[in-house]
Amino acid sequence: MYSKLLTIIWLIACVVRDGSGFTSRETVRNQQLRSSVSMANAPVIINATVKHTASVIFLHGLGDTGHGWASAMAGIRAPHMKVICPTANPLPVSLNGGMKMPAWFDIKGLDMNSPEDSPGITKATAYVHSLIEKEISEGIPSERIIVGGFSQGGALALRAALSFNKKLAGVVALSCWLPLHKEFSPSQVTANKDIHILQCHGDCDPIVSYNFGQLTASVLKKFTQNAEFKTYSGVMHSSSEEEMDDIRDFLRSRIPAI
């Protein structure tokens, strides 16, 4: 059952948006080739086409790579925004019988009470913090950096943003949850108390359930009063045209051109 479930996750992770704005599925061959890319390799970078004044770091879901979301994000970012789409190292995933696939951390279950990979989450969080610090070192103020992600990547984006020690512009959290929420209290959030969060979830999601998304939204209210939870009717564990439009509006609102 678990193997079948992760196969579904892996297949859904391959869904990306092509340049025309419609969704398409990458071939299995391309996905297998890219699965060998490690986090040590350079992330996919979409450079600003005018003066670079803001950055977006977007994290893929389980089994995907940075390439999987790069074209979709390129289609909605504004010209002054740089987009960074890193790729996770292949890791054994417990939920998939120990099979290796690109993963930010191990996943042992998909409900609020499942045991979690605390060391892996901590290590991945530090990696995201290093990506943020790199943008700051290149002259982008932290207040003009947004972190986002889909599924496992969205979970990591939430954790990394809330625990970062400098103020960020916001978080985009798609079809995901807040990792280690039971051992992460609002008092631990300093610079990003009341950070703006756009949380999106399809109401037909069979992988990270819509109910899980709603519970996560309730938890996030303890950390910030600026969290918005948006529901997408009929959407499964994937994105939609409406959701991408909402992400575009959020990015341009939080990190406008200057």
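The values are calculated or read from the model by the stated rules, or taken from the named source; none is laboratory data. What you are looking at is a predicted structure, and each value in this text was computed from that prediction instead of being measured. Please note: Cβ atoms are built from the backbone with ideal geometry, for glycine as well, and neighbour counts cover all protein chains shown. Each accessible area value is taken on the protein alone, full model and side chains, heavy atoms only, with ligands, DNA and RNA left out. Shrake-Rupley method; radii C 1.70, N 1.55, O 1.52, S 1.80 Å.
Numbers at a glance
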quantity	calculated
Separation of the Lys100 and Asn113 label points, Cα + 7 Å toward Cβ, nm	3.5
Accessible area of region 36-95 divided out per residue, in Å², using a probe of 1.4 angstrom	32
Derived scalar couplings ³J(HN,Hα) [region 111-123; Karplus, 6.51 cos²θ - 1.76 cosθ + 1.60; whole Hz; x for Gly, Pro]	9, 5, 9, 5, x, 10, 8, 4, x, x, 5, 5, 5
Entries of Lys51/Lys123; Lys108/Lys222; Lys82/Lys182; Lys100/Lys221 with Cα pairs more than 30 Å apart	Lys51/Lys123; Lys82/Lys182; Lys100/Lys221
Region 60-111: chymotrypsin sites (Phe, Trp or Tyr not before Pro) in DSSP loop, at most 14 other beta carbons within 10 Å	none
FRET efficiency, 1/(1 + (r/R0)^6) with R0 30 Å, evaluated for Ile45 and Asp245 via beta carbons	0.80
Global geometry of region 120-223, whether rounded, prolate or oblate, following the gyration tensor of its Cα atoms and the 1.5 cut on a/c	prolate
